[in-house]
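Visitor: Got a structure for you, questions after.
The values are calculated or read from the model by the stated rules, or taken from the named source; none is laboratory data. Treat the numbers as computed from the prediction; the structure is a model and nothing was measured. Ideal geometry is used to build each Cβ from the backbone, glycine not excepted, and the neighbour counts take in all protein chains shown. These accessible areas exclude ligands, DNA and RNA; they are computed on the full protein's heavy atoms, side chains included. Shrake-Rupley method; radii C 1.70, N 1.55, O 1.52, S 1.80 Å.
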Amino acid sequence: MISPNESPEVKRAEALFDARREYEALWETAYRFIAPERAMFFRNESRSPNEVGDEIFDSTAIDSAERLTNLIMSGLTPPWARWFRLQPGASIRDPQLREQLRPLLELAEDKMLSVLRQSNFYQELQPLLLDRIVGGTGALKLAPTGTRLRFKSRPLAEVAIHEDNAGEVTEVALRYKLSLRDLQTAYPDRIPPDWVRKQPRDDRRDKLVYELHVRDPADGIWAHRVVLKETGTILEQDSSLHPRMFVTRWSKVPGSAYGRGPGLRVLADVRALNKLKELSLKNAALTVSGVFLVADDGVVNPYTLVLEPGARIPVAENNVNSPPIAELPTSRRFDVSEWSMDELRNSIKSVFMNDQFQPLGRTPLSATEVAERTRVLAQDMGATIARLQYELLVPVLRAVFAWLAERGELPPELEIDDTTLQLEFVSQLAQAQWAQDVQNILQMAGYAIQFGEFDARAGLAVDSHAALRKIAELQAVPSEVMRTEQEIAEIMEQQQQAQAMMEGEGDGVE
């Protein structure tokens, strides 16, 4: 048994958590007002979610963060649709070879999608996206178990990271607590027996465990270690070519490994709206119940004076012409506060991109308007979508592809390395980013037709067949509805033969 003070894994993990201490107070505040059920993970673990939620008087930020989470998930990784595809890489330029590879790649896509649907990837992606929106950083753990893949979203409170000079995350530390029973179930042969005998037999989660994931800069291999802090015992260790922890940031802050999401940017407005709503509710309660002045010959104690609905404040005398009980005038102007709250709500919804589409029940938007708004939304989120794809989706899909190849379900010679195979995203938000390319192709084809009216050579400048195939590729049209070059050639030959036969029969009749 190694002393925890001598364990290099424990030392490194604690150093990573010490380095992020300056952000914890800001994260806790953001979670308290935007995701209150997860704020308890940071400092006051004894507090319940209900106690934290008692501080919330306006749900605009909570609802907007959830809506943005659902928008990203349905627009980028919809569980019910194909949201990515495999394409021949840059080294494969022959059009016929690319067409021949298409059925094989579609089979690989189907298997990858099936593996993700059978796993809990989509269920765990939702809390990760919420962490990314509120705290700016989200983490997802991959744990292959037998014939299935299992994912687990780790709360930001449990995650500490380190990045290299290139801005890539190279170290990830997890810190969480397990009960003795959980330790014995997960690591029955790794826990020191002498230490187990000294532990009380209860189900308290008080055994601190560190998990360290480190990438070797020399060969890129990821080393994984799970350490029990109290004894310094390594409970689990292995290595892999692909990471087991995936960390993604909304946007980067120079000089920091952690991200900054819309929740942190709009936190000032969220707190102001929450306080204004609290004061407005108190003012409304005072207006309904009132505060009364009660004549009293004694002396009013200002230290025990309470202003609340229905309060009785003893005074020496109200007025000679008034009864012994009189109402205390209160501020009843809600117009200024309502105007301020509306302004703050609009600001919060704008930051969370919750104002892109009008509410249901009004005149429906046209398909063109929806497409244009989707394009604008994709443009506004272009940087964070690209980071999400680069830091999370591409590594996860590469790990899934490698896992299927190891099981013999995919050809081992294929690899997503952008040379032989490359990933492309074809979901709604991804296609919106390519809308300009489609418009450019259609515009150029229109120009060719117009110039072709007085110059036949100009009309032939655009290969309409190649342009149509490129549009189908950008629009993620299934390959089974598109004919191959060989099929088109056969159909044209049959048409020419049929036309020749008809002309021959017509000559015979004459």
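Visitor: Can R469 be described as free of Cβ contacts under 8 Å to residues at least 60 places away in the same chain, over 16 Å from P103 (Cα atoms) and open to solvent by 40 Å² or more (accessible area, probe 1.4 Å)? Quick ask: steps written out before the conclusion?
Guide: On the way: free of Cβ contacts under 8 Å to residues at least 60 places away in the same chain: yes; over 16 Å from P103 (Cα atoms): yes; open to solvent by 40 Å² or more (accessible area, probe 1.4 Å): yes.
Answer is yes for this residue.
Visitor: Tell me which residues, restricted to segment 416-455, are at pLDDT below 80 and within 22 Å of R82 (Cβ to Cβ).
Guide: D418, Q428, L429, A430, Q431, A432, Q433, W434, A435, D437, V438
Visitor: While we're here: Can you find even one residue in segment 71-83 that is closer than 30 Å to S340 by Cα and either of a type outside the set (G, A, S) or at pLDDT 90 or above (or both)?
Guide: Initially, segment 71-83 is screened for residues closer than 30 Å to S340 by Cα, giving 71-72.
Now narrow it down to the ones that are either of a type outside the set (G, A, S) or at pLDDT 90 or above (or both): 71-72.
Checking segment 71-83: at least one residue is closer than 30 Å to S340 by Cα and either of a type outside the set (G, A, S) or at pLDDT 90 or above (or both).
Conditions (1) under 32 Å from the mean Cα position of the chain (by Cα); (2) modelled with pLDDT of 90 or more; (3) open to solvent by 30 Å² or more (accessible area, probe 1.4 Å), marked per residue:
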position	(1), (2), (3)
R150	yes, yes, yes
P155	yes, yes, no
G167	yes, no, no
V172	yes, yes, no
K177	yes, yes, yes
D194	no, no, yes
P200	no, no, yes
D206	yes, no, yes
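Visitor: Right, here's the next one. Criterion first (within 26 Å of the chain's Cα centre (by Cα) and open to solvent by 80 Å² or more (accessible area, probe 1.4 Å)) does G261 satisfy it? Full working, then the answer.
Guide: On the way: within 26 Å of the chain's Cα centre (by Cα): yes; open to solvent by 80 Å² or more (accessible area, probe 1.4 Å): no.
Spelling it out, it is not the case that G261 is within 26 Å of the chain's Cα centre (by Cα) and open to solvent by 80 Å² or more (accessible area, probe 1.4 Å).
Visitor: Report whether or not A139 is modelled with pLDDT of 90 or more, surrounded by 17 or more Cβ atoms within 10 Å (Cβ to Cβ) and in a strand (DSSP E or B). Talk me through it step by step, then tell me what you get.
Guide: On the way: modelled with pLDDT of 90 or more: yes; surrounded by 17 or more Cβ atoms within 10 Å (Cβ to Cβ): yes; in a strand (DSSP E or B): yes.
Yes.
Visitor: For segment 217-263, what are the residues that are basic (K, R) and either assigned to a loop (DSSP other than H, G, I, E, B) or modelled with pLDDT of 90 or more (or both)?
Guide: Filtering segment 217-263 for residues basic (K, R) gives 225, 229, 244, 249, 252, 260.
Correct list: R225, K229, R244, R249, R260.
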